[in-house]
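Taken together, the values in this text are just the output of simple stated rules run on the coordinates, not laboratory data. Bear in mind that the values here come from a model prediction, so they are computed numbers and not experimental data. In this analysis, Cβ positions are derived from the backbone assuming ideal geometry, glycine residues included, and neighbour counts consider all displayed protein chains.
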Amino acid sequence: MGDPKKKHKTYTTPRRPYDADNLSAELRTIGVYGLRNKRELWKAHTELSILRGRARDLLSLGTVERETFEKELVNKLYKRGLVMENGRLEDVLTLSIEDILERRIQTYIFRRGLTRSLFQARQLIAHGHIEIDGRKVTSPSYQVKIMDEETLDFAKSSPFHNPEHPLRRELEVKEALAEEPVNE
């Protein structure tokens, strides 16, 4: 079983590590989602393969056994924002790596417009400027759940919590400019 104090690998590496197409796709994904290294991408790949493996295992069961386990898996993934509320196992099999990476707090904060870039989002999270439901989150890979979306904001102890902070005003101006209709 192993020593419980020893950390074990939480990811699997690609079977063909020097495949040119795979390398360029990995680098593109790392750039789009602001990941620190390929290890973060491999962790998401491993998580996705585990979820899809569970779904394939459930599909091989009989209909009576499958129904309860299917509801549990789909409900769990719905709470994480990966499938629709009345999803099916086929929806789990169609999940992609982008679906998982979009639920990271780093990506979510950037897409909501709280930061200028993915890298700034990562920095604010690591420095403790972001909180969910009153507790600070310092891991950029934290998966934002559906019920956490409403409570995500700047930490009360952070200078960014003040609406008069220059970053907040700058982002509001950009938002207002993006919403203005273009007069021709």
Of the residues G2, Y78, T29, the Cα lying farthest along the dipole of the stretch 1-104 towards its positive end, which is defined by charges on the beta carbon of Lys, Arg, Asp and Glu, belongs to G2
Springs between alpha-carbon pairs under 10 angstrom, Gaussian network model over the chain: which of K71, K38, K174 fluctuates most?
K174
On the first, second and third principal axes, largest extent first, how far apart are the outermost C-alpha atoms of the stretch 71-127 in Å?
38, 17, 17
Starting from the Cα of A25, move 7 Å in the Cα-to-Cβ direction to define the label point; list residues of the stretch 33-61 whose amide nitrogen is under 14 Å from there.
42, 45-46, 49
Taking the alpha-carbon set of the stretch 130-184, what are its Rg and Dmax in Å?
14.7, 47
Which cross-chain or sequence-distant (5 or more) residues have an amide H under 5 Å from the amide H of L152, H modelled 1.01 Å from N in plane?
D133
Arrange the following residues from fewest to most other Cβ atoms within 10 Å of their Cβ: T151, T46.
T151, T46
Apply the Karplus curve 6.51 cos²θ - 1.76 cosθ + 1.60, θ = phi - 60°, to the phi angles in the stretch 108-113 and return the couplings in whole Hz, x for Gly and Pro.
5, 5, 5, 5, 6, x
Express in nm, to one decimal, how much length is gained between A178 and R56 on full extension, taking 0.36 nm for each residue of separation and deducting their alpha carbon distance.
39.5 nm
What percent does the relative contact order of the stretch 8-147 come to when contacts are Cα pairs within less than 8 Å and at least six residues apart?
21
Table column - 3J(HN,Hα) (Hz), the stretch 35-44, Karplus curve with 6.51, -1.76, 1.60, x for Gly and Pro:
6, 6, 7, 5, 4, 5, 5, 5, 5, 5
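Using 0.36 nm times the number of residues separating H8 and L167, minus their current alpha carbon distance, what extension gain do you get? Can you show the working numbers first?
Values: separation 159, 0.36 × 159 = 57.24 nm, distance 3.96 nm.
Using 0.36 nm per residue and subtracting the Cα-Cα distance, I get 53.3 nm.
Would you work out the charge dipole size for the stretch 45-184 about its Cα centre, treating the Cβ of every Lys and Arg as +1 and the Cβ of every Asp and Glu as -1, and quote it to the nearest 20 debye? Let's see the in-between values first.
Numbers: 22 positive and 25 negative charges, 124 e Å.
Value, rounded to 20: 600 debye.
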By count of other Cβ within 10 Å, fewest leading, how are S141, S117, S60 ordered?
S60, S117, S141
